[in-house]
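Please treat every number below as a calculation from the coordinates, not as lab data. Given the structure is predicted, the values throughout are model-derived calculations rather than measurements. Here the Cβ is made from the backbone with ideal geometry for all residues, glycine too, and neighbour counts use every protein chain on show.
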Amino acid sequence: MIKHLAAACAALCLTCGALSAQAAVYKVGTHPTFAPFEFVDAAGTPTGFDIELIKAVLKSQGDEVEIVSMPFDGLIPALLTGQIDAIISGMTITQERQKRVDFSTGYYNSTLSAVIRSADSDKYKSSEDLKGQKICAQIGTTGSAFAEKLSPGQVVNLNNEPDALLELKNGGCAALINDRPVNLYYMKQAGGTDFAELIDDALTSNPDLYGIAIKKGNDELRAKIDKGLKDIEASGELKTIHENWFGKAQ
Ligand code: ARG
């Protein structure tokens with residue numbers, strides 16, 4: 001009897017210990033003007049594919065997430081100074097960024113596209129046609145880097161996609177280059193026939209694989225996130241989240 005009690009007690013304490021050791025709240029930075037990956041809903045709460053994904057990933061490991069909003073080009077500096085523990089922000093895994101931060105395994109395959117004014121559809125048929133033109137982009141993004149290569153010194157960097165679309169509409173640039181799913185989302189939201197999409201091999205052969213960034217050497221959190229990604233894929237939760245934001249595959 002005493003023996004049994006002792007064993008039960010030890011098991012209980014072990015569980016308690018494991019639970020309290022696991023219960024962490026991770027601060028995750030994002031720039032929520034990038035629908036459907038991250039944006040603020042009508043109540044001002046960050047939501048979107050990335051937000052649901054990171055919450056599910058860390059919840060699957062017994063942890064919690066606090067979302068911290070900040071400008072896109074401030075995310076890596078905030079990670080480096082320890083203001084946040086991770087970044088989820090439709091962030092492409094690039095060699096340049098890998099010099100400064102570590103990434104989880106990639107979780108979404110994206111690509112770039114350009115948005116032009118429909119009235120210019122005959123004028124701009126491929127990205128080559130945009131050479132030398134002013135091009136709008138979101139500051140610090142792969143779209144901005146692509147635009148700079150295409151049209152050196154002619155990039156109009158804006159803080160977010162809605163501002164960039166407005167600039168395009170008002171004639172401040174000939175095109176907006178950003179991630180394709182985001183361009184499609186905001187074009188649809190703008191409605192009407194003001195904008196058209198321009199895609200070609202130069203834009204789409206540029207793979208944008210999104211990863212979750214972690215401070216270099218934080219292998220514990222990186223391993224946790226990678227395990228979480230695997231676990232929610234196996235449980236089917238990842239598929240549900242994907243369908244929530246991108247619809248069911250036909
Ligand atoms: N995928 C692009 C990049 O990594 C754009 C990401 C912008 N994300 C955002 N939440 N504003 O550069």
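Build a GNM of the chain with springs between Cα atoms under 10 Å apart, and of 29, 217, 48 the one that fluctuates most is 217. Spin-label model, residue 231 to residue 64: label points 7 Å out along the Cα-to-beta-carbon direction sit 1.7 nm apart. Note on the chain: semi-axes of the ellipsoid equivalent to its C-alpha gyration tensor, largest first and rounded to whole Å, are 42, 18, 15.
Taking the DSSP beta bridges with both ends in the chain, the antiparallel portion is around 60 percent.
Taking every alpha-carbon pair under 8 Å whose residues sit at least 6 apart, the chain reaches a relative contact order of 26 percent. Distance from the Cα centroid of region 86-112 to that of region 52-66 is 18 Å (rounded to whole angstrom).
Pairs of lysines in region 113-208 whose Cα atoms sit within less than 20 Å of one another amount to 11, provided the residues are eight or more positions apart or on different chains.
Helix-only arithmetic for the chain: the sum of -39500 (n - 2.57) across DSSP H runs with n ≥ 4, divided by the residue total, places the mean residue ellipticity at 222 nm at -12000 deg cm²/dmol. Scanning residues 5 or more positions from residue 136 or on other chains, those with amide H under 5 Å from its amide H are 156, 174, 175, 176, 177, with H placed 1.01 Å from N in the peptide plane. Multiplying the residue separation of residue 209 and residue 105 by 0.36 nm and removing their Cα-Cα distance gives an extension gain of 36.5 nm.
Within a straight-line Cα-Cα reach of under 24 Å, residue 215 can be paired with the following lysines, leaving aside sequence neighbours fewer than 8 residues apart in one chain: 27, 55, 59, 99, 224, 227, 230. For the chain, leaving out every one of the trypsin sites (Lys or Arg not before Pro) that falls in a DSSP loop and has at most 16 other Cβ atoms within 10 Å, the longest unbroken run is 1-98. Answer rounded, prolate or oblate for region 203-250, using the Cα gyration tensor with square roots of eigenvalues a ≥ b ≥ c: rounded when a/c is under 1.5, else prolate when a/b is larger than b/c, else oblate. The shape class here is oblate. Placing unit charges on the Cβ atoms only, positive for Lys and Arg and negative for Asp and Glu, gives the chain a dipole magnitude near 480 debye about its Cα centre.
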